[in-house]
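Data first, discussion second: the structure below is written as structure tokens.
The values are calculated or read from the model by the stated rules, or taken from the named source; none is laboratory data. Please read all numbers here as calculations on a predicted model, not as lab measurements. Virtual Cβ from ideal backbone geometry, glycine too; neighbours counted across all protein chains shown.
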Amino acid sequence: MEIFQSIQSYSGHPLTHQLILSLLKDYKRPNDKVHSMLTNGIIETVKKGLYIAGPAVKATKPAPFLLANHIMGPSYVSMDIALSYHGLIPERVYEISSMTTKASRNFKTPVGFFSFTRLPLPYYSFGIQQVRFSDDQYAMVASPEKALFDKVVATAGLILRSKKNALSYLLEDLRLDEENLKQLDITAMYEWQADAPKSESLSMILNAIKTL
């Protein structure tokens, strides 16, 4: 029961293998105990070396955005899921998309699909916010402006050659609300553009927003 209560107390956070072993320091064969905990639903594997509290533990689970930060780091949540979180697009988004400085990777887990797309420095480091989900859950998430830029940058084959193309992309393809677009921090976006991939397409995005 003691280990069950320990897992319950940590249930709001991703559980690393190292943390679990520290909780099992009094066990002679801790890895066997880890296997038993998995079998009994006390913990659940997200990826190798990373777990969450399992279905047998009735407690708060980590927010998906927080989990994404831990599945692969450094990273921050962005693109469609961040645009949805900030209320810029109407659709509900299920894939948790993140940006990273490491090689792009995807993770299909029991708690959802997580994608990670590589971005170069220094562009990667712009427009990242720390978002609070509960008293002890915080995650790194793109600002609305950065999430939009990342969507353009990371969409394969997307080249915006005119202001008209960009406006159609924003309002028809992404279905972004005009009033929300008017609230974006254009000054910050201009500062990021020079160091960004697809700089010319992003310039068209900025020109389109300015006309609204």
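You will find that of Leu148, Leu171, Leu212, the residue that is over 16 Å from Val77 (Cβ atoms), at pLDDT 95 or above and out of contact with any strand residue (DSSP E or B) (no Cβ under 7 Å at 6 or more places or on another chain) is Leu171 and no other. How do the pairs read when you match residues in the stretch 72-85 that are in the same structural domain as Thr109 (by TED's automatic domain parsing) and under 16 Å from Pro14 (Cβ atoms) with residues anywhere that are part of a helix (DSSP H, G or I) and among the hydrophobic types (A, V, I, L, M, F, W, C), using Cβ under 6 Å and keeping only pairs 6 or more apart or on different chains? Close Cβ pairs (under 6 Å, with a partner that is part of a helix (DSSP H, G or I) and among the hydrophobic types (A, V, I, L, M, F, W, C)) amount to Val77/Phe65; Val77/Ala68.
For the stretch 89-102, filtered to residues that are among the hydrophobic types (A, V, I, L, M, F, W, C) and at pLDDT 95 or above, the residue that is nearest to Leu148 (Cα to Cα) is Met99.
From the set of residues in the stretch 120-135 that are free of Cβ contacts under 8 Å to residues at least 60 places away in the same chain and aliphatic (A, V, I, L, M), which is nearest to Phe149 (Cα to Cα)? Among residues in the stretch 120-135 that are free of Cβ contacts under 8 Å to residues at least 60 places away in the same chain and aliphatic (A, V, I, L, M), the one nearest to Phe149 (Cα to Cα) is Ile128.
Among what's in the stretch 140-153 and is of a type in the set (A, V, I, L, M, F, W, C) and buried (at least 21 other Cβ atoms within 10 Å of the Cβ), pick the residue that is nearest to Glu44 (Cα to Cα). The extreme case among them is Val141.
Of everything listed in (1) at positive phi; (2) surrounded by 14 or more Cβ atoms within 10 Å (Cβ to Cβ), the single unmet condition for Asp80 is (1). Of Leu88, Leu66, all but one fail to be buried (at least 20 other Cβ atoms within 10 Å of the Cβ) and within 18 Å of Arg132 (Cα to Cα); the exception is Leu66. For the stretch 186-202, filtering for residues that are under 22 Å from the mean Cα position of the chain (by Cα) and under 12 Å from Glu145 (Cβ atoms) leaves 6.
Which residue is surrounded by the fewest Cβ atoms within 10 Å (Cβ to Cβ), if the candidates are limited to the stretch 52-63 and must be within 22 Å of Phe107 (Cα to Cα) and of a type in the set (A, V, I, L, M)? Looking at residues that are within 22 Å of Phe107 (Cα to Cα) and of a type in the set (A, V, I, L, M), I get Ala63. Residues that are of a type in the set (D, E, K, R) and exposed (fewer than 15 other Cβ atoms within 10 Å of the Cβ) within the stretch 1-46 comprise Glu2, Lys25, Asp26, Lys28, Arg29, Asp32, listed in sequence order.
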